[in-house]
Structure formats: C-alpha cells, structure tokens
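The values are calculated or read from the model by the stated rules, or taken from the named source; none is laboratory data. No experiment lies behind these values; they were computed from the predicted model shown. Positions of Cβ are generated from backbone atoms using ideal geometry, with glycine treated the same way; all protein chains shown enter the neighbour counts. Remember, those area values only see protein heavy atoms, side chains included, never the ligands or the DNA or RNA. Shrake-Rupley method; radii C 1.70, N 1.55, O 1.52, S 1.80 Å.
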Amino acid sequence: MRVLRGRAPAKVTLSLRVLGTRPDGYHELDALTVSCSDPNDRIALYPQRRGDTVSVAPAGSAPTGAANNLATKAITLLRPRLPADLPGIRVRLHKQIPMGAGLGGGSADAATVLTLLGKHFALPRRDLERAAARLGSDVPFALRGTPAFLRGRGERLVAAPGIASLTLVIATPDFGCDTPLVYRAWDELGSPRSDRVLESDLVDGGLANDLEPAAHAVFPLLGAFRDAVARSTDRHPIMLGSGSSYAVVADDPDHGAAIAARLRADLYLPTVWCGSTIPSARTGSPGSTAR
Ligand code: C5P
C-alpha cells in the first residue's frame, strides 16, 4: 500500500430536534446535517510492519490509544477485508476539529479512513457502510458527507435534496461540552423544545437545536459565548450538536471571511473558521438556502 491521504470535514447540525427518549437510553432525533470544509482534519495512512497505531498532532487533540481512537477502530473493522500482506497501518492525524465541540471530528476521521481504504482496495460500499454503522451514530453520515436528515439515534439517513453550498462561520469556545451530560440534562429539564428558531426554508418550522437549553444549563458559560458571537456577527448563531460550537450563515465567502476575522479579533479566539458546505448531490432551486 502506498501512503494514502485525505481530509475529514466537520459535521454541522443545522437543525436538531429531539423527539423523545428511546428504550435503549438513546434519544430519537430529527436533524438536518451537512459537512463543512473548515475546520477539517488531515489524515495520512502509512503501511507498517506490525499492528495499527495512531499518532496525533497537536499533542492531546485526540485519543492516541489504538483501542480508543475511532480511526484505528475503523481499520480493525475492515481488517478481514484488507490484504494479508498488510500487517499494520499507522494513522497520522493532524487535528483541527476540536474535541467536545459538537463537530463530529472523531466520526469524520473514522469515515475518512474507511473511504481511503475502501477506494484503494476497491472494497464493496456495503462493507464500508456496515463498519460505519458499528463505529457510532455519526459515522454513517460522515461516510456519505452530503446533506442528510438524520433520524433514529442519528444512524438513519435520508438524503436532503436541493441544498446548495452555504458559507458558514464556525466558532468554538475554549471549552467543550460532554454529550451524555447534555442529553441527561435534556431529560431532567423535562424534554424542552428550543424556541430559538432561525427562519429558513430548509426545514419546516425553521432551524432550531433542542439541546441548546440543556447545554446552557450544564455549561453556563455557553450562553455568554453565544451572545458574544451574536453581537460580533450581527447574525443568529446556531448551536452545533450538543455544543460547544456555534455557526452563523454568511451571505457569501467574502462576507464569511470578514465575519470570521471580526470574531477572532472581538473574542480573542483563534478557533474560528469560515468554510463552505458540501451541497446535495443535485442542487435544487436558488430558494433552498438558509436566510
Ligand atoms: O452515539 P454517540 O457515541 O456519539 O453518543 C454519545 C452519547 O450521546 C451517548 O452515549 C448518549 O448518552 C448520547 N446520545 C443520545 N441519543 C442520541 C445520540 C447520542 O442519548 N441519539
């Protein structure tokens, strides 16, 4: 195997409705999710003589134990399909997507590993999809990458048609949110529905994140962060996943770059990105963008 290289884009939940608690303890979701070019992780796979290992830069930006990192777990699941003369793979992750930021970084890394190996060894798509479903609720979406409605616990995908590329500015504060804690708080708060809605024709009733009140209850600093993003950008910030990142929709890439520069300066925050989202396989009418 030659060295394989790829990029893992961030996941952006434009809208996240939580419909209830399931018998398995997970929550039933109805979400609209897209992939964003920035932030992204760079990934390289090197053949090596023994075993699968992972190294991460910058240090501490992802788990390094092969048993804990989703990228190496992805290789383990594909191992029976890989050639016998490939005894090991070293994964080199150059992380930009922060952990605990609601951006699905670990899932995106795993999906990119599946895609790189799948392409190089011409593996059946079905095997990649099966491995993705076993790796976590978010990995099937990351494997596909195009806009999708996520149902069930997030693993059931329905392609969202007609969504053109959007310019997004994503800002992550210097703390993360623990996903299980946020879901537990949602239960304890009595299953709140968010009434902060961004008018849009992408989703009936607009874009909202039902986990936002729960995330703010567990991580009170998040409210101040959202307000600072709103003040600096003069836009409606959307909380991503279970937090801690927020995104705003910009008019176009130049506008996005200007907003991002102002946010970095106003908040003294390096973790601000401007990216474009991957559109639906066939983009539809011009009326299909968020406003
Ligand atoms: O599937 P994943 O490992 O990303 O989920 C992390 C945690 O988030 C789960 O252990 C669960 O506590 C919570 N979760 C949930 N309902 C979902 C997805 C995640 O309760 N649909």
4, 267, reordered so the largest accessible area comes first (probe 1.4 Å): 267, 4
Separation of the residue 258 and residue 68 label points, Cα + 7 Å toward Cβ, nm: 4.5 nm
Helix axis angle, 125-135 relative to the chain longest principal axis, alpha carbon, degrees: 70 degrees
Charge dipole of the chain about the Cα centre (unit charges at C-beta), most positive-ward option of 120, 247, 220: 120
Peptide ranges 127-133, 206-212 listed from the most packed, as the mean C-beta count within 10 angstrom indicates: 206-212, 127-133
Protection proxy ranking of 43-54, 246-257, 160-171 - average other beta-carbon atoms within 10 Å, highest first: 160-171, 246-257, 43-54
Per-residue SASA entry for residue 42, accessible area with 1.4 Å probe, Å² rounded to 10: 110 Å²
Simple label model, 7 Å out from Cα along Cβ direction - residue 1 to residue 76, nm: 1.6 nm
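Enter the accessible area per residue of the range 80-149 (Å², integer; probe 1.4 Å; all protein chains in place).
On the way: 2930 Å² over 70 residues.
Using a 1.4 Å probe on heavy atoms only, each residue of the range 80-149 averages 42 Å².
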Protein accessible area in the range 167-290, 1.4 Å probe - carbon and sulfur %: 52 percent
Assigned charges on the beta-carbon of Lys, Arg, Asp, Glu; the chain dipole about Cα centre (debye): 1420 debye
Accessible surface of the range 98-146 [probe 1.4 Å, protein heavy atoms]: carbon and sulfur percent: 51 percent
216, 120, reordered so the largest accessible area comes first (probe 1.4 Å): 120, 216
Solvent-accessible area per residue, Å², over the range 167-290 with all protein chains present [probe radius 1.4 Å]: 47 Å²
With Cα atoms, 0 to 90° folded angle of helix 253-267 axis to the chain main axis: 80 degrees
Additional length obtainable on full extension of the chain from residue 120 to residue 84, 0.36 nm per residue less Cα span: 11.5 nm
GluC sites (Glu not before Pro) within the range 141-234: DSSP coil, no more than 11 neighbouring Cβ in 10 Å: 199
C-alpha long axis of helix 105-120 to longest principal axis of the chain, angle in °: 40 degrees
Table column - 3J(HN,Hα) (Hz), the range 156-171, Karplus curve with 6.51, -1.76, 1.60, x for Gly and Pro: 8, 10, 10, 4, 9, x, x, 9, 6, 5, 10, 9, 10, 10, 10, 10
Over the chain, relative contact order from alpha-carbon pairs under 8 Å, at least 6 apart, %: 23 percent
